[in-house]
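Each remark here refers to the structure printed beneath this line.
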Amino acid sequence: MRKIGLLACCLVIMATLFASVPTAKAGILESQNLVLTCDTLSGDISFTATRNTTGQGFETFVEEVTDGVNLLSYYTVDVEDGATDSISGTAPLTGAQYSPIIYRLYSPAGNGFPEQTVFTMQVTCPNLISGGACNTPDAGYQAVLTGSAILYWEPGKPTEPNIAITGSNVVMVYSIDDDGWAKIKWACGVYYIKASLLAPNPATVSKPYLSSGRK
């Protein structure tokens, strides 16, 4: 009897633990009529919230378009758990440098739930540098150039012939040393530039970013 009672107690504890771990799938895709080109996102996408990721009865959805490095379009909306909502309109995709261009609608992690993708698609752009995904470092952050930057193989050793990145481009930054040199990744290569030319990327500081036309 004691063994049976102990087993039953353990089963109750395990059931309680598993019940406390959120496992619901991210929002349900109801329909999508999206058109993704190399310079425009248009059409609509509809989805139903199935998780309380905010802790306040809503699930957050994020729609973003990137080229593997640069954030081209961004929109976010909170939908009441169980309700259906949609995003529509036309958004220009400016500043793309790499192909493919990737669209993703996802539900970010929150309130014990993991991040999950609801829908994704991509388009190949022959006029852009291929393999944009390789420009995303394992650990780093985005920064925007405030002016033209000459690339260096190592601090004090410029590329020959000189390679320069024009201002307003976004680069991925690995680190900045005490002498003011930033180690960056650009077009699948690792270089150094003067850290004084870097500024926070608006796409990662203030959102929504370039989301005009989507609602």
Listed by first then second residue, the pairs whose first member lies in region 59-75 and is more than 17 Å from residue 40 (Cα to Cα) and β-branched (Val, Ile, Thr), whose partner is part of a strand (DSSP E or B) and modelled with pLDDT of 90 or more, with beta carbons under 6 Å and at least 6 positions apart or on separate chains, are 60/78
Per the list (1) over 30 Å from residue 27 (Cβ atoms); (2) in the same structural domain as residue 53 (by TED's automatic domain parsing), residue check on residue 167 breaks on (2)
Residues of region 76-98 being surrounded by 21 or more Cβ atoms within 10 Å (Cβ to Cβ) and within 30 Å of residue 185 (Cβ to Cβ), in sequence order, are 91, 93, 96, 98
Flagged in region 78-99 as more than 20 Å from the chain's Cα centre (by Cα) and in contact (Cβ under 8 Å) with a residue 60 or more places away in the chain, in numbering order, are 89
If we keep only residues of region 167-197 that are touching a residue at least 40 places away in the same chain (Cβ under 8 Å) and charged (D, E, K, R), then the residue nearest to residue 151 (Cα to Cα) is 194
The condition from (1) modelled with pLDDT under 80; (2) part of a strand (DSSP E or B); (3) touching a Pro at 6+ places or on another chain (Cβ under 8 Å) that residue 142 misses is numbered (3)
Exactly one of 53, 37 is buried (at least 18 other Cβ atoms within 10 Å of the Cβ), at pLDDT 85 or above and among the polar types (S, T, N, Q), and that one is 53
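The values are calculated or read from the model by the stated rules, or taken from the named source; none is laboratory data. Predicted model only: the values in this text are computed from it and were never measured. Note that each Cβ is placed from the backbone with ideal geometry, even for glycine, and that neighbours are counted across all protein chains shown.
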